[in-house]
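Visitor: My structure is below; once you've seen it, I'll send some questions.
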Number of protein chains: 2
Amino acid sequence: MVLRKAEEWREVAQKMQTHRAETIAAVEPAVPEPPKDLPLNVTHIPAKLLPKETISITESTTEQLLPRLAGGELTALEVTKAFLQRAGLASRLANCCTELLPAEALERAKFLDDHFSENGKPVGPLHGLPISVKEHVGMKGLDLNAGFVSWVGRTGPDDAIILKLLWKAGCVFYARTTEPQTLMHLETSNNIYGVTTNPYNANLTSGGSSGGEAALLGLRGSCLGIGSDIGGSIRSPAANNGVFGLRPTAWRLPVAGWAGTQLGEEQVVPVIGPLSTSIEGIKIFMKAILDQAPHKIDSSLIPLPWKTDPQLNTRGKRKLRVGVLSDDGVVMPHPPIVRGINTIVEKLKSHPQIEVIDFPPYKHEDAWRIIASLYFGDGGAEEKAAIDASGEPWRPMSHWIIKENPYVKALSVAEVWDLTIEREAYKAAYARHWNSVGTGLPGPDDNGASFFADPLPQDAEEKIVDVLLCPVGPGCAPPHNCARYWSYTSQWNILDYPALVFPTGLQCSEEDKVDKDYQPRNKDDKYNYELYDPKTYVDAPISLQLVGRRYEDEKVIEAYEMIAAAADLPLQ
Amino acid sequence: MVLRKAEEWREVAQKMQTHRAETIAAVEPAVPEPPKDLPLNVTHIPAKLLPKETISITESTTEQLLPRLAGGELTALEVTKAFLQRAGLASRLANCCTELLPAEALERAKFLDDHFSENGKPVGPLHGLPISVKEHVGMKGLDLNAGFVSWVGRTGPDDAIILKLLWKAGCVFYARTTEPQTLMHLETSNNIYGVTTNPYNANLTSGGSSGGEAALLGLRGSCLGIGSDIGGSIRSPAANNGVFGLRPTAWRLPVAGWAGTQLGEEQVVPVIGPLSTSIEGIKIFMKAILDQAPHKIDSSLIPLPWKTDPQLNTRGKRKLRVGVLSDDGVVMPHPPIVRGINTIVEKLKSHPQIEVIDFPPYKHEDAWRIIASLYFGDGGAEEKAAIDASGEPWRPMSHWIIKENPYVKALSVAEVWDLTIEREAYKAAYARHWNSVGTGLPGPDDNGASFFADPLPQDAEEKIVDVLLCPVGPGCAPPHNCARYWSYTSQWNILDYPALVFPTGLQCSEEDKVDKDYQPRNKDDKYNYELYDPKTYVDAPISLQLVGRRYEDEKVIEAYEMIAAAADLPLQ
């Protein structure tokens, strides 16, 4: 779409917002209008405005809904209607949806209910479950703009493969959610729909780029949704909204059918993954897809089924070894994050089956230099073209990540190869670092270390750290246009390690004082330090991250369940 | 290394050849000098010149040697000495080694024998087995030139990871083998060591780029060796020399520690894999490495163990479904290849547990365009620099693949991304094509096909082709400087499908007449057609390829064993 006048982009945006409003207005029973003067924290509003049964359904988790749907205790229609209503309200509260799909969702729900009546059994393991979807995951015939005004009017040629698999498992698609211009913010702000706010504190960002998903889940307008992540885009918003989010290892879930810039860039592999109001929802999502052996239709995928047998041999034989990486050595996390980690670590330390090991960072600043250089190998040309085509303004975070980022430059192919060699060397070094912590084996830079990794000694397996507990960011959800430090999440993208974000059940409070004696280490640390004031962050959820080694997604989740039991962490 | 005078490269080459001659001369008992007037086919020479016991050991397969070594019936020293002697002779016959390692190998063998004496058991599953290694797989402190004169003098900073794993399993490294200038020929010719010839017919190429390995195996100077493959470099030489070779799926075996240009290029992933005189040797190699869980030290690898349980549910329940792709639709294979396929297919057709399905090619010319464009994204700058730095001449096949190849041009990063999108689309289309053959499901271009793949119907699994039987090239080993058509092997590199090359036990003969009525389809087909004359190819082994779907390496081998039993094909 080429617009002739700079101002025409506003008309496009208006048209899209009108369409959205119409889809919300079409929901029955009607979506309640929220009060004019909203508090900063709107998470309690839905319970005041929605019927009791709607609240009961929408505050259920995936694992609570599915057996009731599969048993005929709830119909797909009533569950779908409840989530449509609450999603509409959530969008009015946090600006988190691009559109609702009431007609399509109700038709689907009716089909499922009819099937159930006729056959006396569910269509599949997700029978009747409403699933929300980030806008850039394509749906046939629906807009697919990835947050660019100039892309409005592009439509999905077909449903993305992941949607086809979820559909086959019996789900209902009813809501599409917001994402930022470029998809490359840890916030959610574009010129089509505006800014998605944090339901816990409207002064703060919902995070991004899957911020629409996470805000919708935070407000319980969804219990299970689809996000995507190339630097933290599932995890930052999951953390900011107090829900669960998994960045799976790459090539486990199919991505074909999504839209975005940088398609074909695979030095840093973007992934699709679930956000959920419960840890069980994450597992159900992964299992429902991987049980269908998607590698048989998408040969980019690795044929690893979702493992349900125990991955941790901890019962009796040895302890769960939890590495704690509380600070990446570059930017010191804010006091609430430190409190969150300390609270958990104290509890883990006294648990007989858990061993806590201090896990030092290994050159995280190098990791950021490499990944940030590889993101935009064309110098950001594709994003610039997509933004400038409509005359829409650059959102602050787009400007920051592309125009203010010292690592963005147009590379030659040889430079990309060199950076890829650096990436591989960094991955190799980090694997050796991981193997060395707590085991006595030499780390990559230790005296006596060989140039390439040696085979592990027989008994190493019993000593190596299982999972890492670490921050999701250098603070909780920051104020809008301030999410400028990606490394706590992008670190695991460059390594392609699976990473789970979970709410601790704690929230920021004015008791988390500034450390007045702290001397910032560098410019980024200073920016982050100065961002912190306990008043700013009130009510923001404190979330943390659990990281595993490549392809150990299941182990990460199992470790979380052990840690949650030991440290009284939420499962939903 | 920068040379001042153009002629100095000859001195470098001479020095390397002298070193090689010295290492062969150091072998005890002495390597016999072959007669001056050699026949074209030298495969019968070793049996005439070597002691009986040496012949007996070196004509044993991996699976025959290992239990005798592990049981103390043979010592590592006697096995190593036998292979050193025969490898020295093989190199004098076919110019296939860059150096022997008698001192290191004997020291290692002695260590293994001492260990065995002291402990009464082997070091590991490969105890005492000599393994030959393609030169560019780095060994600590030894030259690592990858076939470039200007790289002579570079040495391995450490052993490549795969060598460390094999070493831990108990093997002996005793011979390093030749490869072509650039590593990007399906022949083996460089300016350091000259041309590696085909032991079955010296007028023909050994194939490449792992041509030194394959010629050494063809002459039984090795029973198990390491090659590498980005377009056919394991498979072409394995075929030309009548031995087994496996191009495994990418990221199963570790590659860190090898040398070459294009490092960091990963749009087409190069792999390491085994060549062996027996199918069992291929399995033993893969299992010895994967049993060590190499992904724990190299996080680039996929944690898929080597599966030893049956991958084919054919016994009773359903037939093995063998797709036959006898012609890629672009270049018609020579009559011996057609004879080889027909001979096998006739036997398979009458087997009650095998179903033969005609498998049409799907746009193989597109696959070549994409892969050939992606190989040299820098326009071949790295190869040009490496060749021109010493003043050495361009070998004909280097010139052909880089300077005469219409798809070689310096790309922008955006162009690489676009080609990567094309590659992914091609992979997706091929997966759908595979799922469609013989099943009635729509292929990628069929009427009624959706834009992205649909989930498979419940019963599809029982109908889909298991493996493909196809040529390894458009003919048997061609005359030197004529291996210009890669598509029969590179096809499976772009798709990253595992591919096994096996000897049929048949050889080219003057009975394989030219089809005089054939009308070539295009320039490449004409070139290949005109290359054929039955007299040229006498004695060349007829080998074929068995291809499986991604990560189904084990299934390919199991299918080969079934096919071999049904069609009287060799297992060694």
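Visitor: Starting from residues that are among the acidic types (Asp, Glu) and under 29 Å from B:Ala477 (Cβ atoms), keep the ones in segment B:140-198 and report whichever is surrounded by the fewest Cβ atoms within 10 Å (Cβ to Cβ).
Guide: B:Asp143
Visitor: For segment A:511-532, state whether one or more residues are in a helix (DSSP H, G or I) and hydroxyl-bearing (Ser, Thr, Tyr).
Guide: So far as segment A:511-532 goes, yes, one or more of its residues are in a helix (DSSP H, G or I) and hydroxyl-bearing (Ser, Thr, Tyr).
Visitor: Of all residues being part of a loop (DSSP other than H, G, I, E, B) and among the charged types (D, E, K, R) in segment B:29-63, which is nearest to B:Gly88 (Cα to Cα)? Just the residue, please.
Guide: B:Glu33
Visitor: Just checking, how many residues over segment A:517-555 are open to solvent by less than 40 Å² (accessible area, probe 1.4 Å) and within 14 Å of chain B (Cβ to nearest Cβ)?
Guide: The qualifying residues number 8.
Visitor: Across segment A:134-168, what is the total count of residues that are in a loop (DSSP other than H, G, I, E, B) and more than 9 Å from every other protein chain (Cβ to nearest Cβ)? Walk me through how you get there before you give the answer.
Guide: From segment A:134-168, those in a loop (DSSP other than H, G, I, E, B) are A:135-136, A:138-139, A:141-142, A:144-148, A:153, A:157-160; that's our starting set.
Next, only the ones that are more than 9 Å from every other protein chain (Cβ to nearest Cβ) stay: A:135-136, A:139, A:141-142, A:144-148, A:153.
Qualifying residue count, segment A:134-168: 11.
Visitor: A further question on this structure: With the requirement that a residue be in contact with a strand residue (DSSP E or B) (Cβ under 9 Å, 6 or more places away or on another chain) and open to solvent by 10 Å² or more (accessible area, probe 1.4 Å), what does segment B:199-213 give you?
Guide: B:Tyr200, B:Asn203
Visitor: Something else now. Just name the residue that is nearest to the other protein chains (Cβ to nearest Cβ) out of those in segment A:447-458 that are over 14 Å from A:Ala431 (Cβ atoms) and open to solvent by less than 80 Å² (accessible area, probe 1.4 Å).
Guide: Per the criteria, the residue is A:Pro457.
Visitor: Quick one: in segment A:283-298, which of the residues that are crowded, with 22+ Cβ neighbours inside 10 Å and either assigned to a loop (DSSP other than H, G, I, E, B) or touching a Gly at 6+ places or on another chain (Cβ under 8 Å) (or both) is nearest to the other protein chains (Cβ to nearest Cβ)?
Guide: Top of the filtered list is A:Ile297.
Visitor: Give the residue, chosen from B:Pro503, B:Pro498, that is within 14 Å of another protein chain (Cβ to nearest Cβ), open to solvent by less than 40 Å² (accessible area, probe 1.4 Å) and touching a Pro at 6+ places or on another chain (Cβ under 7 Å).
Guide: Unique residue meeting the criteria: B:Pro498.
Yes/no matrix, rows are residues, columns are (1) over 29 Å from B:Thr439 (Cβ atoms); (2) without any contact (Cβ under 8 Å) to a residue 60 or more places away in the chain:
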{"site": "B:Leu456", "(1), (2)": "no, yes"}
{"site": "B:Val465", "(1), (2)": "no, no"}
{"site": "B:Pro471", "(1), (2)": "no, no"}
{"site": "B:Cys482", "(1), (2)": "yes, no"}
{"site": "B:Ser487", "(1), (2)": "no, no"}
{"site": "B:Asn493", "(1), (2)": "no, no"}
{"site": "B:Leu506", "(1), (2)": "yes, no"}
{"site": "B:Glu511", "(1), (2)": "yes, yes"}
{"site": "B:Asp517", "(1), (2)": "yes, yes"}
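Visitor: Quick one: in segment B:506-516, of everything that is of a type outside the set (Val, Ile, Thr) and open to solvent by less than 60 Å² (accessible area, probe 1.4 Å), which residue is farthest from B:Asn241 (Cα to Cα)?
Guide: Looking at the filtered set, the residue picked out is B:Asp512.
Visitor: Counting only residues that are outside any helix (DSSP H, G or I) and within 8 Å of chain A (Cβ to nearest Cβ), which one in segment B:404-445 is nearest to B:Asp466 (Cα to Cα)?
Guide: My answer is B:Leu411.
Visitor: Follow-up. Every residue in segment B:52-63 that is open to solvent by 10 Å² or more (accessible area, probe 1.4 Å) and over 11 Å from B:Gln572 (Cα atoms), please.
Guide: B:Lys52, B:Glu53, B:Thr54, B:Ile55, B:Ser56 - these are the residues of segment B:52-63 that are open to solvent by 10 Å² or more (accessible area, probe 1.4 Å) and over 11 Å from B:Gln572 (Cα atoms).
Visitor: From A:Val255, A:Val268, A:Val331, grab the single residue that is farther than 28 Å from A:Arg432 by Cβ, in a loop (DSSP other than H, G, I, E, B) and touching a residue at least 12 places away in the same chain (Cβ under 8 Å).
Guide: A:Val255
Visitor: Let me ask something additional. For residues that are open to solvent by 60 Å² or more (accessible area, probe 1.4 Å), at pLDDT 95 or above and basic (Lys, Arg), tally how many sit in segment A:11-51.
Guide: Result for segment A:11-51: 2.
Visitor: Could you list all residues from segment A:82-134 that are crowded, with 22+ Cβ neighbours inside 10 Å, over 18 Å from A:Thr178 (Cα atoms) and aliphatic (A, V, I, L, M)?
Guide: Correct list: A:Ala82, A:Ala105, A:Ala109, A:Leu112, A:Leu126, A:Leu129.
Residues are listed down the side, and each one gets a yes or a no for (1) away from chain B (no Cβ under 14 Å); (2) at pLDDT 95 or above; (3) out of contact with any strand residue (DSSP E or B) (no Cβ under 8 Å at 6 or more places or on another chain); (4) under 19 Å from A:Pro360 (Cα atoms):
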| residue | (1), (2), (3), (4) |
| --- | --- |
| A:Ile302 | no, yes, yes, no |
| A:Thr308 | yes, no, yes, no |
| A:Lys317 | yes, no, yes, no |
| A:Val330 | yes, yes, yes, yes |
| A:Pro333 | yes, yes, no, yes |
| A:Arg339 | yes, yes, no, yes |
| A:Asn342 | yes, yes, yes, yes |
| A:Glu346 | yes, yes, yes, yes |
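Visitor: Just to verify a result, which residue in segment B:236-281, among those that are on the phi > 0 side of the Ramachandran plot and within 14 Å of another protein chain (Cβ to nearest Cβ), is most open to solvent (accessible area, probe 1.4 Å)?
Guide: B:Trp251
The values are calculated or read from the model by the stated rules, or taken from the named source; none is laboratory data. Given the structure is predicted, the values throughout are model-derived calculations rather than measurements. Positions of Cβ are backbone-derived with ideal geometry, glycine not excepted, and every protein chain shown enters the neighbour counts. Surface accessibility is based on the protein's heavy atoms, side chains included, excluding ligands, DNA and RNA. Shrake-Rupley method; radii C 1.70, N 1.55, O 1.52, S 1.80 Å.
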